[in-house]
Amino acid sequence: MPCEIKQKERVGVINPIFTCQPCGAQYASIGIKDCIAIVHGGQGCVMFVRLLFAQHFKDNFDIASSSVHEDAAVFGAVHRVEEAVDVLLMRYPHVKVIPVITTCSTEVIGDDIDGVVRKLNKGLLKEKYAGREVHLIPIHTPSFKGSMVSGYDVAVKDFVSAFAKKDQPNGKINLITGWANPGDVTALKHLLMEMSVDATVLFEIESFDSPLMPDGNAVSHGSTTVEDLAGTANALGTIALNRYEGGLAAKYLESKFNVPAIIGPAPIGIRNTDTFLWNLKTMTGKPIPESLVRERGIAIDALTDLTHMFFADKRVAIYGNADLAIGLAEFCLDLEMKPVLLLLGDDNPAYQNDPRIKGLKGKVDFDMQIIWNADLWELESRINNKEIELDLILGHSKGRFTSIDNKIPMLRVGFPVYDRAGYYRHPVVGYAGAIWLAEEMANVLFTDMEYKKNKEWLLNVW
Ligand code: SF4
């Protein structure tokens with residue numbers, strides 16, 4: 001069969017592609033203004049996640065830990081959540097939103113965080129913090145199921161369901177970006193502005209690319225407000241760009257408040273960006289302006305310069321978040337490349353029925369494997385065993401040694417990227433993202449041609 005999807009056959013994981021569910025919930029929480037999450041678990045569940053965020057964005061983010069110790073395994077540790085909420089509110093007078101994010105240990109112990117939130121709402125918040133706006137949100141993200149991707153999805157839905165409130169229609173679109181970069185949000189806002197569409201961009205992380213001001217202040221926090229979240233119930237519709245990172249919240253708003261939902265595809269490449277603009281047009285009735293037709297034309301021109309001459313038949317392996325990986329594979333096909341291996345790093349059986357994967361199956365006329373519940377060993381072992389030959393790898397920095405050791409050029413895409421400068425600033429979505437992706441793929445291939453003296457003379461005459 002030219003294109004098959006199957007689960008990894010080994011037990012265990014070697015070099016995981018993802019980290020665990022609480023990481024995704026923490027990522028969603030740092031997209032909210034005046035919000036500091038408490039992760040209910042051991043300190044490492046925060047420390048390593050914060051390190052990933054800091055490595056990727058080269059900035060610092062506030063996330064707290066209830067810092068559970070051995071005694072909790074026997075006696076439980078909800079009292080540490082009570083203490084943590086109090087300390088956080090004392091130390092940070094601006095904080096309004098405190099998600100309480102569970103981890104593997106506290107879910108196994110069976111700590112009742114919903115109960116402790118009810119208790120705090122009736123007690124501490126009424127007594128010590130009367131008159132202060134504080135929202136405590138329990139978020140269940142046991143790490144023995146799903147991944148950081150499903151953790152993000154669950155948290156986005158929990159935030160939306162905690163705040164969404166029916167009121168007068170606001171004429172806006174809810175845009176759930178999924179696990180994006182600041183550069184993506186800038187590109188999406190540009191498309192919305194050109195379309196004259198008023199949108200609430202949810203879990204707004206554009207300001208993660210924060211300035212260092214003359215007074216020494218650098219502000220890195222999300223800008224989605226409690227009011228933005230409340231207004232999601234009154235929107236014209238919701239567009240969740242990613243099926244697995246925001247799709248749950250879009251479905252919730254549709255079923256609870258009759259807010260129509262369009263879920264995916266991530267606007268990666270020309271075709272998917274066209275679909276995104278078409279969805280905006282359908283939802284709002286606003287026409288697609290000439291300016292965007294021109295941007296599209298510029299992108300197609302840039303791709304045409306590269307496609308047949310440099311990309312045709314190049315064999316690519318892609319790993320990372322499913323929505324990103326599938327979008328990149330579709331884009332590679334449009335560029336005449338052959339995405340021969342797709343690794344989706346968690347155990348979500350829904351990938352098997354994803355319509356875009358079915359679309360790939362219908363299109364591909366070469367051998368292509370899509371592995372779910374995958375790890376990076378799936379890539380390394382195929383290279384070591386000479387089962388596949390690759391011209392390019394697309395994925396985050398955790399796979400850098402596979403590229404270095406095997407001298408296979410690699411473009412860093414996804415999260416985390418910490419071994420290249422400023423990548424979070426560049427979009428992969430929209431027409432601008434299509435240009436950036438194609439040109440960066442070309443540039444890593446060009447560098448490789450020069451290094452290996454492989455037809456590098458072509459670059460003299462191109
Ligand atoms: S796997 Fe469990 S202990 Fe490890 S970081 Fe995730 S939640 Fe914390």
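So the values come out like this:
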| quantity | calculated |
| --- | --- |
| Listed peptides 165-172, 151-158 by packing density, highest first (mean Cβ within 10 Å) | 151-158, 165-172 |
| Alpha-carbon centroids, region 218-278 and region 109-178: separation in whole Å | 17 |
| Inter-centroid distance (Cα atoms) of region 323-347 relative to region 393-462, Å | 15 |
| Using alpha-carbon coordinates, inclination of helix 290-304 to the longest axis of the chain, degrees | 50 |
| Cross-link reach list, lysines versus residue 166, counting only Cα pairs under 19 Å and skipping chain neighbours closer than eight places | 157, 251, 256 |
| Computed E for residue 114/residue 47 - FRET, C-beta separation, R0 30 angstrom, nearest 0.05 | 0.70 |
| Highest-first arrangement of 240-250, 331-341, 425-435, where packing means the average Cβ count within 10 Å | 240-250, 425-435, 331-341 |
| Span from the region 13-29 Cα centroid across to the region 286-316 one, whole angstrom | 33 |
| Label zone at residue 70, where the point sits 7 Å out along the Cα-to-Cβ direction: region 23-50 residues whose backbone N lies under 18 Å | 42-44 |
| Label point distance in nm, residue 133-residue 282, each placed 7 Å from Cα along Cα→Cβ | 3.6 |
| Relative contact order %, region 21-146, counting alpha carbon pairs below 8 Å whose residues are six or more apart | 32 |
| Whole-Hz ³J(HN,Hα) from phi, Karplus 6.51 cos²θ - 1.76 cosθ + 1.60, for region 273-286, glycine and proline x | 5, 4, 4, 4, 5, 5, 4, 4, 4, 5, 6, 10, x, 7 |
| Carbon and sulfur %, accessible surface of region 323-462 computed with the full protein complex present, 1.4 Å | 48 |
| Surface accessible to a 1.4 Å probe, per residue, for the residues of the chain, Å² | 43 |
| Between helix 322-334 and the chain: long-axis angle, C-alpha atoms, 0 to 90°, nearest 10 | 20 |
| Estimated dipole of region 21-146 in Debye, rounded to 20 [Cβ of Lys and Arg +1, of Asp and Glu -1, Cα centre] | 360 |
| Candidate aspartates and glutamates for bridging to residue 455, where Cα separation is under 15 Å - those fewer than 8 sequence places away on the same chain excluded | 391 |
| Degrees separating the helix 148-163 axis from the principal Cα axis of the chain, which is the longest one | 40 |
| Whole-percent carbon and sulfur share, accessible surface of region 35-140, 1.4 Å | 56 |
| Lysine pairs within region 21-146, Cα separation less than 15 Å, 8 or more sequence positions apart or different chains | 4 |
| Region 281-434: Lys pairs at Cα distance under 19 angstrom, eight or more positions apart or on different chains | 12 |
| Whole-percent carbon and sulfur share, accessible surface of region 173-288, 1.4 Å | 56 |
| Residues residue 384 and residue 275, FRET efficiency given R0 of 25 Å [Cβ-Cβ distance, rounded to 0.05] | 0.05 |
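The values are calculated or read from the model by the stated rules, or taken from the named source; none is laboratory data. Just so it is clear, the structure is predicted and the values come from calculations on it, not from any experiment. Using ideal geometry, Cβ is built from the backbone for each residue, glycine included, and neighbour counts are taken over all protein chains shown. Protein only, heavy atoms only, side chains kept; ligands, DNA and RNA dropped before computing areas. Shrake-Rupley method; radii C 1.70, N 1.55, O 1.52, S 1.80 Å.
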